[in-house]
Amino acid sequence: MATTASNNIINKNETIKNETIKNETIKNETIKNETIKNETIKNETIKNETIKNETIKNETQQLQSENIANSQLIPSIIEENWPMTSDKQIERLTRPGSAYFNLNHFEVLGLSADSTHEEIKKKFRKLSLLIHPDKNPQNEKAQIAFDTISKAYQCLQDSATLTFCREVVVEARKRVEEERKEKKIKAKKQSQELNLDESDIIIEQEVRIMTLKLFAEAEKRRQRTSELEAAERKRKREAELQKMEESKREAELQKEWELGRDARVNDWRNFCQKGPKGKKQVDVNKRIRIGFRPPTLKVETRPINKFHSGSSAIIDTTQPEQT
């Protein structure tokens with residue numbers, strides 16, 4: 001008995017040791033897995049940061065390239081060598097995308113937003129002399145260019161459109177300043193260097209690009225409102241035409257009803273005189289008045305008694321039974 005008890009104690013101790021070893025190995029494995037996970041997370045964060053930095057650099061490069069491209073597309077008004085020859089002006093006003101660029105009336109006439117009415121008149125006269133179709137018969141696009149500058153001049157002569165164009169330019173300048181501030185704030189948060197050109201020429205070019213965008217948005221809104229107004233006018237016109245047709249139909253029906261009045265009256269009189277078809281007309285005075293008529297008596301039939309022979313018998317219930 002003592003040996004068996006000692007053996008049981010030894011077995012218990014061994015099992016306890018094995019369990020502790022297993023627990024320690026599980027703990028070590030979990031610690032290793034956690035460390036590996038943390039390292040992978042760190043590596044991923046580093047990779048994401050590097051990717052973000054690269055994307056920001058690419059975006060800045062793209063913005064700079066876009067600004068350069070836009071500056072090449074849009075000639076600067078500030079420059080002294082602004083084209084004043086007829087062919088160049090016609091080409092400027094009829095180049096690809098002119099419908100988008102010519103929305104800015106100041107851009108068409110080559111003026112700044114703070115120009116006066118006298119300056120607008122002088123510039124329009126100079127351009128009209130250069131671009132007039134009579135002086136440029138060999139150029140087919142001269143008439144289109146002349147129409148664009150005349151339209152811009154007429155729009156700027158109106159005080160409401162002039163104030164609207166000036167407000168658009170002011171709004172564009174504000175948006176450019178806000179965008180530059182946001183870029184600087186992002187660069188500071190990400191601890192990066194942002195090389196923004198603060199020269200007046202580049203800022204003016206950005207403002208002009210933004211003004212074109214705002215004029216395009218305003219034109220889209222105007223077209224949308226005009227389409228809605230046209231649809232509303234069309235709907236109202238269709239409703240008016242429908243009402244007119246209904247009134248005409250009602251008038252025609254009323255006229256037909258009035259014309260058929262005599263025929264209806266005559267038909268009713270004939271009906272009252274002849275009466276309906278299939279029935280004879282009876283004179284009320286010739287009818288015979290009869291008094292109360294009692295119902296007819298019916299003969300009662302009873303089954304024959306079991307003591308009598310035969311199938312059935314008819315008994316007159318009107319006479320009393322003899323005892």
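The values are calculated or read from the model by the stated rules, or taken from the named source; none is laboratory data. All values reported here derive from a predicted model rather than from experimental measurement. Because the Cβ atoms are built from the backbone with ideal geometry, glycine has one as well, and the counts that use them run over all protein chains shown. The area values use the complete protein model at the heavy-atom level, side chains included, leaving out ligands, DNA and RNA. Shrake-Rupley method; radii C 1.70, N 1.55, O 1.52, S 1.80 Å.
Annotations for the structure displayed:
- When a 1.4 Å probe is rolled over the protein heavy atoms, the share of accessible surface on the stretch 133-207 that falls to carbon and sulfur comes to 51 percent.
- Straightening the chain between residue 198 and residue 51 buys 50.1 nm, computed as 0.36 nm per residue apart minus the Cα-Cα spacing.
- Relative packing of peptides 125-134, 141-150 - highest average C-beta neighbours within 10 Å first: 141-150, 125-134
- The stretch 108-188: translational diffusion in µm²/s, Stokes-Einstein, Kirkwood Rh over Cα pairs, 37 °C, 0.692 mPa s: 220
- Annotation: peptides 152-159, 226-233, ranked by per-residue average of other Cβ atoms within 10 Å with the highest first, follow the order 152-159, 226-233.
- Taking all protein chains together and a 1.4 Å probe, the residues 210, 244 rank 244, 210 from largest to smallest accessible area.
- What the pair-distance distribution of the stretch 199-273 shows, using all Cα-Cα distances binned every 5 Å from zero, is 3, 12, 8, 9, 7, 6, 7, 6, 6, 5, 5, 5, 4, 4, 3, 3, 2, 2, 2, 1, 1, 0, 0 percent.
- Base-10 log of normalised Debye intensity for the stretch 151-224 (one unit scatterer per alpha-carbon) at q = 0.23, 0.27 Å⁻¹: -1.06, -1.22
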